[in-house]
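Novice: First the structure, which I've put down as structure tokens, then a few questions once you've had a look.
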Amino acid sequence: MKMQREIIPIEEIKQTLKKTREVSAREAGSIIEKAEGLKGLTPDEAAVLLHCEDKYLIESLCRAAERIKESIYGNRLVLFAPLYLTNTCVNNCLYCGFRRDNLDLERRVLSEEEIRSETETLIRDGHKRVLVVAGESPRECGIDYLERAIKTIYSTKIAHGEIRRINVNVAPLNIGEFRRLKAAGIGTYQLFQETYHLPTYQRVHPSGPKRDYHNRLTALDRAMEAGIDDVGMGVLFGLYDYRFEVLALLYHAQYLERKFGVGPHTVSVPRIEPAAYAPISANPPHAVTDADFMKLIAVLRLAIPYTGIILSTRENAGLRDRLFHIGVSQISASSRTSPGGYTQGEDTSVSNGQFAVGDRRTTTEVIRDISKDGFSPSFCTACYRVGRTGQEFMDHAKPGHIQKFCLPNSILSFKEYLLDYGGEELRKIGESLIEKQTAAIQDTHLRKATLKKLQEIEMGKRDLYF
């Protein structure tokens, strides 16, 4: 319990939210201005902004979030796809379609052949990054299975296509198992606390190993102790007061920085969506409005400026397009949320999959739309490949130097996509964007080197990066 309080001081968070409820607009404006120095926010400062309801202050907050994201990562958006290996689960979470009591769900554990087939479909769609997801089922989806699955995904290749980075979102492991996961070649290990509010956590996790709040809370410690230096955290917004959850995420991030010298590589911001036989999914106990959702994402960008903020296809296309402008830096596209969903052409209705999908655009459509909006679609995996992870990544990201790599690498990976998977319309849009983005590289030597690599890609070379 002492360690739980050290990571998430629940009473302190409550007091912070209480004392910051009535703060002047002038002070809130000063906090926003200070945040543009890329130094982050204290919990008190974040709480002040979370309480903001003034229309003009929130507009100022969102504009600042966009500028901060651009200062660190430029205008690139990293794309990935989730790859569900299993939907078997021993837990009974009240918000999840995979819960044990959903007796109508056809349970599946993908075979090696099926994993390869799913991977081939994602490769043909142009993906280079996948997020491996599995239900908690130790007998069927333990570390042995995960190692085989990762090996299968990495070994699957079609022409120029391949998966170059696998991130993993699976149930908490012990240190020995995390070491094996690291050795298998993963990038980031993700684990969402779902809610940091202990009474709520216990209520929505009535049975199964996931009911152990402490074991889940300390899993990122074990991952980092095992050598996985890129970890991702998140909560499921809608289970409890979003203001409390955002401050808890901030405290957790600060704890990791104190203990390991490295904060979270990513923070994910899913909201509860309807799921079959999930009692609270249709009417979340603390539903978050679109306006509050935009605000909390902006606050996270100011509070933890170096982190990658991940937005899933739970949200509808229109809202996602707006959120790309206020701090989001990584997005999923054309997601399927059940095992075998890519190969079989999964129905995205509520009755199928872990949750309902809101953005049903194809990967090509997402890329077309964000390109028209001036964003650079990125399939880059360079940092992971050259060892710019953990402390080294943070040393580049915190002062905003990482975009020196992000912009040219996004250009190169997008060029690959256009040549290998883009249609005529998209190539026209994409080539125009690449020309503008390349001209925007300020370092003359880097711009020339990027142009040279673009020519090499035109001539058939692949997987070029800085």
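Novice: Got at least one residue in the stretch 168-177 being touching a Ser or Thr at 6+ places or on another chain (Cβ under 9 Å) and under 26 Å from Lys14 (Cβ atoms)?
Specialist: Looking through the stretch 168-177, none of the residues is touching a Ser or Thr at 6+ places or on another chain (Cβ under 9 Å) and under 26 Å from Lys14 (Cβ atoms).
Novice: Within the set of pairs 6+ apart or on separate chains, which have a first residue in the stretch 126-142 that is hydroxyl-bearing (Ser, Thr, Tyr), a second that is modelled with pLDDT of 95 or more, and C-beta atoms under 8 Å apart?
Specialist: What qualifies is Ser137/Thr86; Ser137/Thr88; Ser137/Cys89; Ser137/Val90; Ser137/Val109.
Novice: Just one of the numbered conditions (1) within 18 Å of the chain's Cα centre (by Cα); (2) part of a loop (DSSP other than H, G, I, E, B); (3) closer than 25 Å to Cys96 by Cβ; (4) touching a residue at least 60 places away in the same chain (Cβ under 8 Å) is not true of Leu239; which one?
Specialist: It fails just one condition, (1).
Novice: Go through Lys415, Lys404, Lys452 for me and flag whichever is in contact with a Leu (Cβ under 9 Å, 6 or more places away or on another chain) and farther than 30 Å from Gly227 by Cα.
Specialist: Lys415
Novice: Yes or no: Leu41 at pLDDT 95 or above, in a loop (DSSP other than H, G, I, E, B) and surrounded by 14 or more Cβ atoms within 10 Å (Cβ to Cβ)?
Specialist: Here the answer is yes, as Leu41 does meet what is asked.
Novice: How do the pairs read when you match residues in the stretch 373-398 that are surrounded by fewer than 18 Cβ atoms within 10 Å (Cβ to Cβ) with residues anywhere that are among the small types (Gly, Ala, Ser) and part of a loop (DSSP other than H, G, I, E, B), using Cβ under 7 Å and keeping only pairs 6 or more apart or on different chains?
Specialist: Gln391/Gly261
Novice: Considering only residues of the stretch 1-53 that are among the small types (Gly, Ala, Ser) and in contact (Cβ under 8 Å) with a residue 24 or more places away in the chain, which is farthest from Ala303 (Cα to Cα)?
Specialist: Filtering the stretch 1-53 for residues that are among the small types (Gly, Ala, Ser) and in contact (Cβ under 8 Å) with a residue 24 or more places away in the chain, the one farthest from Ala303 (Cα to Cα) comes out as Ala25.
Rundown of residues vs (1) of a type in the set (Phe, Trp, Tyr); (2) more than 17 Å from the chain's Cα centre (by Cα), yes/no style:
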position	(1), (2)
Phe260	yes, yes
Asn283	no, yes
Thr289	no, yes
Thr313	no, no
Asn316	no, no
Ile331	no, no
Tyr342	yes, yes
Arg368	no, yes
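Novice: Say whether the condition of being surrounded by fewer than 17 Cβ atoms within 10 Å (Cβ to Cβ), of a type outside the set (A, V, I, L, M, F, W, C), at pLDDT below 95 and more than 20 Å from Thr313 (Cα to Cα) is met by at least one residue in the stretch 152-166.
Specialist: Scanning the stretch 152-166, I find at least one residue that is surrounded by fewer than 17 Cβ atoms within 10 Å (Cβ to Cβ), of a type outside the set (A, V, I, L, M, F, W, C), at pLDDT below 95 and more than 20 Å from Thr313 (Cα to Cα), so the answer is yes.
Novice: In addition: Condition test on Ala149, is it modelled with pLDDT of 95 or more, crowded, with 22+ Cβ neighbours inside 10 Å and not β-branched (Val, Ile, Thr)?
Specialist: yes
Novice: Name the single residue that is nearest to the chain's Cα centre (by Cα) among those in the stretch 44-60 being loosely packed, with under 14 Cβ neighbours inside 10 Å and assigned to a helix (DSSP H, G or I).
Specialist: Here the residue is Glu59.
Novice: To continue, here is another question. Which condition from (1) at pLDDT below 95; (2) part of a helix (DSSP H, G or I); (3) surrounded by 18 or more Cβ atoms within 10 Å (Cβ to Cβ) is the one that Glu27 breaks?
Specialist: Answer for Glu27: the failing condition is (3).
Novice: Taking the stretch 405-439 on its own, how many of its residues are of a type in the set (Ser, Thr, Tyr) and part of a loop (DSSP other than H, G, I, E, B)?
Specialist: 0
Novice: Kindly indicate the residue of the stretch 172-212 that is of a type in the set (S, T, N, Q) and under 19 Å from the mean Cα position of the chain (by Cα) and also surrounded by the most Cβ atoms within 10 Å (Cβ to Cβ) among those meeting that condition.
Specialist: Thr195
The values are calculated or read from the model by the stated rules, or taken from the named source; none is laboratory data. Given the structure is predicted, the values throughout are model-derived calculations rather than measurements. Counting neighbours? That spans all protein chains shown, and the Cβs are built from the backbone with ideal geometry, glycine included.
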